[in-house]
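Here is the structure we will look at.
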Amino acid sequence: MSEPAIESLFTEGRTFPPPQEFAAAAHVNDPSVYDQAEEDWQSWWEGHARQLRWMRDWDTTLEWTPPHAKWFVNGQLNVADNCLDRHIDAGHGGRVAFHWIGEPGDTRTLTYQELCDEVCKFANALKRLGVGKGDRVNIYLPMIPELPIAMLACARIGAIHSVVFAGFSSQALVNRIDDADSKVLITADGSYRKGNVVPLKEAADAAMGATDRVETCVVVQRTGNDVPWTQGRDHWYHEVTADCDAHAEPEPMDAEDVLYILYTSGTTGKPKGIVHTTGGYLTQVAATTKLVFDLKPESDVYWCAADIGWVTGHSYIVYGPLANGATSLLYEGAPDHPGKDRFWEIVETYKATILYTAPTAIRAFMKWGAELPAGHDLSSLRLLGSVGEPINPEAWMWYHQHIGGGRCPIVDTWWQTETGAIMITPLPGLTKAKPGSAMRAFPGIKAVVVDEQGKPVPPGGGGYLTLQRPWPAMLRTLWGDDPRYRQTYWSRYGEDVYFAGDGAKLDEDGHIWLLGRVDDVMNVSGHRISTTEVESALVDHPKVAEAAVTGRVDELTGQAIVAFVTLRGDEETSDALAAELREHVAQRIGKLARPANVLFTPDLPKTRSGKIMRRLLKDIAEGRELGDVTTLANADIVSQLAESSKGADE
Ligand code: WT7
């Protein structure tokens, strides 16, 4: 695992502009927060937990039996109650929770009162359909208001939601339904994608045909296309909610009851069901939304431009902003439809004040040209955020200048599906910003960069990122697989040290620079994709004998997927087959996992023990100078591969 190249992944050949002081305009945080939190980190979190509404107080702040944590033990609360009713009771029922913008240009505004009514109606509908506390509900919806409504309805009645990104294939949906053993699926007739209708219900039906677990399917009418229908199983959302009462008592939930499962890729072909619970999760997403974005619920118009199908959307579109009573934008479509200035038109129209997006999007905006944002009034923006992968300083500077008008602080936030909430980030008004650095651990968090032996590295050193203290929003286990939880995160340096899987370095000031994954996980457009998962999809094709997959640097998407494929017997290689294989992966996993390049090879470079040399493949894919390969069992294949990969870029 010791890859001397991890540092160069991000820093080689780049220039780093000097640190910038944040604009004084955003200035809210109490400068003593870091000290306060360090003095007594459990009390610090307790203080944030007290901002929420509890139905029963907790007895103990933290029970830590490494690697298992319980936060706010025996406390009771309801997440939907905290995200909705609490604000209505405080007199903010008329405040807008979401300004929703549909892809075709239709819009909908939901105040806290209206959102609460919708959530209660659907909660009552779910109850009538037999859904109860602890039941798993799969949600496969596009970015329409019914998505957060469905999540909050589950939270209100104590059902566990498992949201599957609507861009995932039906096969991916089947795996997630089976793993969580869900009896209920919530989907839509279709979703809009750049002017086309994607038949989502058809994909849902394919999934429901491949597993017999789903007894009830609720379908939101969004696109109006014809859909296959199974009487008795399928129900229209508008019909099941039509006569429902807009009042539903929130179920008192234990702080440690499961709020949701969200699947993410690991180093094997089987995705991991990350388990998040109620009290600690809500505490940390609420606290980070408030402090990292310097949120003023009464005046801000906050926009996290992620998809709710990923953890970013769970924590920073749904739970964090709503827990703070914020007004958010919710956008259904793509950034380049109908025009490549769609985002800027939205910022201008709604006078967005905070924008949180991913480096890959920023790089696309850069490519489309600074004239597009310049054509809109973006002066409402006062704070920008970045998440998903290391942001390259060029993109940071462009974002700062062309979107932030040179005046907005940028928060580069490091966290993971597993951490549930932001862990490493600057704080506006408190921390200097260095373009490309996530700077320092959020107050209360202990992030330590260690060497191979687990020893902290000194300033200037590089190594592996670890978290050495439990945190409220941490994952509690992997659904149905606690041994894998221990193995993946808590075995490398001991049971109380969380191994994040990221390389990191400390600069001379001790600030943290994330360098990318150190395992067999790729990061494409900020989305985690496992090499093994793509390989399994490829070898599942009848013509493929063997496949090895690696990520190569890509200017736009961070990494792009390169597949090295060996065909069976005397199958012929062709461009058509390469295209077919790329499509096959898209079918099996989803479009985001489609390899950018498929390279056919009669053999793969292997060690004498038969292990595929992925690092070598990565070097080949990135056109790097190759070292000594004579120790390989089949060294001759390497030069052939290196030759054939030239000019493989799309
Ligand atoms: C991985 C987690 C949680 C947000 C969406 C991705 C990378 C995330 C940053 C950042 C450098 C980052 C890491 C991490 N990552 N944010 N600001 N700087 N790297 O969630 O799919 O769970 O992926 O994304 O490699 O391990 P995820």
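In this structure, does Ala563 turn out to be of a type in the set (A, V, I, L, M, F, W, C) and either within 16 Å of the ligand (Cβ to nearest atom) or not in a helix (DSSP H, G or I) (or both)? If you could, list the steps in order and put the result at the bottom.
Details: of a type in the set (A, V, I, L, M, F, W, C): yes; either within 16 Å of the ligand (Cβ to nearest atom) or not in a helix (DSSP H, G or I) (or both): yes.
For Ala563, the condition - of a type in the set (A, V, I, L, M, F, W, C) and either within 16 Å of the ligand (Cβ to nearest atom) or not in a helix (DSSP H, G or I) (or both) - is met.
Across the stretch 466-484, what is the number of residues that are in contact with a His (Cβ under 8 Å, 6 or more places away or on another chain) and surrounded by fewer than 21 Cβ atoms within 10 Å (Cβ to Cβ)?
Of the residues in the stretch 466-484, 1 are in contact with a His (Cβ under 8 Å, 6 or more places away or on another chain) and surrounded by fewer than 21 Cβ atoms within 10 Å (Cβ to Cβ).
From (1) of a type in the set (A, V, I, L, M); (2) within 16 Å of the ligand (Cβ to nearest atom); (3) farther than 23 Å from Thr360 by Cα, pick out the condition that doesn't hold for Val518.
Status for Val518: all satisfied but (3).
Which number in (1) within 20 Å of the chain's Cα centre (by Cα); (2) buried (at least 17 other Cβ atoms within 10 Å of the Cβ); (3) more than 11 Å from the ligand (Cβ to nearest atom) marks the one condition that Gly501 misses?
Every listed condition holds for Gly501 apart from (3).
Can you tell me how many residues within the stretch 506-515 are more than 12 Å from the ligand (Cβ to nearest atom) and either part of a strand (DSSP E or B) or under 21 Å from Trp490 (Cα atoms) (or both)? Write out each step before concluding.
Taking the stretch 506-515 and keeping what is more than 12 Å from the ligand (Cβ to nearest atom), we get 506-511.
Next cut, either part of a strand (DSSP E or B) or under 21 Å from Trp490 (Cα atoms) (or both) only: 506.
Result for the stretch 506-515: 1.
Taking the stretch 521-532 as the region of interest, how many residues are buried (at least 23 other Cβ atoms within 10 Å of the Cβ) and more than 13 Å from the ligand (Cβ to nearest atom)?
Total satisfying the criteria: 1.
For the stretch 236-264, what are the residues that are more than 16 Å from the ligand (Cβ to nearest atom), closer than 24 Å to Asp179 by Cβ and not in a loop (DSSP other than H, G, I, E, B)? Step through it out loud before you land on a result.
Initially, the stretch 236-264 is screened for residues more than 16 Å from the ligand (Cβ to nearest atom), giving 236-259.
With closer than 24 Å to Asp179 by Cβ added as a condition, the list becomes 253-254, 256-259.
Within the stretch 236-264, Met253, Asp254, Val258, Leu259 meet the criteria.
Mind checking which pairs have a first residue in the stretch 516-529 that is within 12 Å of Leu465 (Cβ to Cβ) and a second that is more than 6 Å from the ligand (Cβ to nearest atom) and in a strand (DSSP E or B), Cβ under 7 Å, 6 or more apart or different chains?
Gly516/Gly503; Val518/Tyr464; Val518/Gly503
Please tell me if Glu583 is without any contact (Cβ under 8 Å) to a residue 24 or more places away in the chain, under 30 Å from Leu173 (Cα atoms) and surrounded by fewer than 21 Cβ atoms within 10 Å (Cβ to Cβ). Full working, then the answer.
Numbers: without any contact (Cβ under 8 Å) to a residue 24 or more places away in the chain: yes; under 30 Å from Leu173 (Cα atoms): yes; surrounded by fewer than 21 Cβ atoms within 10 Å (Cβ to Cβ): yes.
Spelling it out, Glu583 is indeed without any contact (Cβ under 8 Å) to a residue 24 or more places away in the chain, under 30 Å from Leu173 (Cα atoms) and surrounded by fewer than 21 Cβ atoms within 10 Å (Cβ to Cβ).
Would you check which residues across the stretch 444-459 are part of a strand (DSSP E or B) and free of Cβ contacts under 8 Å to residues at least 60 places away in the same chain and list them? Full working, then the answer.
Going through the stretch 444-459, the residues part of a strand (DSSP E or B) turn out to be 447-450, 456.
Correct list: Val448, Val450, Pro456.
Within the stretch 306-415, which helices (runs of 4 or more DSSP H) (wholly inside it) include 2 or more residues that are within 16 Å of the ligand (Cβ to nearest atom) and β-branched (Val, Ile, Thr)?
Numbers: elements: 320-323, 342-350, 359-368, 371-374, 393-398.
The helices (runs of 4 or more DSSP H) meeting that bar are 359-368.
Mind listing whichever residues of the stretch 424-440 are within 13 Å of the ligand (Cβ to nearest atom), out of contact with any helix residue (DSSP H, G or I) (no Cβ under 8 Å at 6 or more places or on another chain) and among the small types (Gly, Ala, Ser)?
Answer for the stretch 424-440, where residues must be within 13 Å of the ligand (Cβ to nearest atom), out of contact with any helix residue (DSSP H, G or I) (no Cβ under 8 Å at 6 or more places or on another chain) and among the small types (Gly, Ala, Ser): Ala433, Ser437, Ala438.
Only one residue in Ala473, Ala447 is under 19 Å from the mean Cα position of the chain (by Cα), at pLDDT 95 or above and not β-branched (Val, Ile, Thr). Which one? Write out each step before concluding.
On the way: Ala447 fails: under 19 Å from the mean Cα position of the chain (by Cα).
Matching residue, one of Ala473, Ala447: Ala473.
Conditions: (1) out of contact with any helix residue (DSSP H, G or I) (no Cβ under 8 Å at 6 or more places or on another chain); (2) more than 12 Å from the ligand (Cβ to nearest atom); (3) of a type in the set (A, V, I, L, M). Leu467 meets all but one. Number of the miss?
Single failed check for Leu467: (2).
Within the group Thr230, Thr267, which residue is within 16 Å of the ligand (Cβ to nearest atom) and either loosely packed, with under 14 Cβ neighbours inside 10 Å or farther than 19 Å from Ile139 by Cβ (or both)?
Working: Thr230 fails: within 16 Å of the ligand (Cβ to nearest atom).
When all the criteria are applied, what remains is Thr267.
In contact with a strand residue (DSSP E or B) (Cβ under 6 Å, 6 or more places away or on another chain), modelled with pLDDT of 95 or more and either within 20 Å of Pro67 (Cβ to Cβ) or more than 9 Å from the ligand (Cβ to nearest atom) (or both): is that true of Ala421 in this structure? Give the steps one after another, and end with the answer.
Numbers: in contact with a strand residue (DSSP E or B) (Cβ under 6 Å, 6 or more places away or on another chain): no; modelled with pLDDT of 95 or more: yes; either within 20 Å of Pro67 (Cβ to Cβ) or more than 9 Å from the ligand (Cβ to nearest atom) (or both): yes.
The answer is no for Ala421.
When Asp603 is evaluated against the numbered criteria (1) within 30 Å of Phe165 (Cα to Cα); (2) without any contact (Cβ under 8 Å) to a residue 40 or more places away in the chain, which criterion, by number, is the only one it fails?
Checking Asp603 against (1) within 30 Å of Phe165 (Cα to Cα); (2) without any contact (Cβ under 8 Å) to a residue 40 or more places away in the chain, the one that fails is (1).
Among the residues of the stretch 252-261, is any within 18 Å of the chain's Cα centre (by Cα), surrounded by 19 or more Cβ atoms within 10 Å (Cβ to Cβ), modelled with pLDDT under 95 and of a type outside the set (D, E, K, R)? Walk me through it before giving the result.
Going through the stretch 252-261, the residues within 18 Å of the chain's Cα centre (by Cα) turn out to be 259-261.
Keeping just the survivors that are surrounded by 19 or more Cβ atoms within 10 Å (Cβ to Cβ) gives 259-261.
Narrowing the set further to residues that are modelled with pLDDT under 95 leaves none.
For the stretch 252-261, residues within 18 Å of the chain's Cα centre (by Cα), surrounded by 19 or more Cβ atoms within 10 Å (Cβ to Cβ), modelled with pLDDT under 95 and of a type outside the set (D, E, K, R): absent.
Please go through the stretch 397-420 and give me each residue that is of a type in the set (Ser, Thr, Tyr) and either crowded, with 20+ Cβ neighbours inside 10 Å or over 24 Å from Asn523 (Cβ atoms) (or both), ordered by number. Spell out the reasoning first.
Initially, the stretch 397-420 is screened for residues of a type in the set (Ser, Thr, Tyr), giving 399, 413, 417, 419.
Once the filter is applied, which keeps residues that are of a type in the set (Ser, Thr, Tyr) and either crowded, with 20+ Cβ neighbours inside 10 Å or over 24 Å from Asn523 (Cβ atoms) (or both), the stretch 397-420 yields Tyr399, Thr413, Thr419.
Which of the following residues is buried (at least 17 other Cβ atoms within 10 Å of the Cβ), modelled with pLDDT of 90 or more and over 33 Å from the mean Cα position of the chain (by Cα): Thr557, Thr601? I'd like the intermediate steps shown before the answer.
Numbers: Thr557 fails: over 33 Å from the mean Cα position of the chain (by Cα).
Criteria check complete, one pass: Thr601.
The values are calculated or read from the model by the stated rules, or taken from the named source; none is laboratory data. These figures come from a predicted structure and were not determined experimentally. Note that each Cβ is placed from the backbone with ideal geometry, even for glycine, and that neighbours are counted across all protein chains shown.
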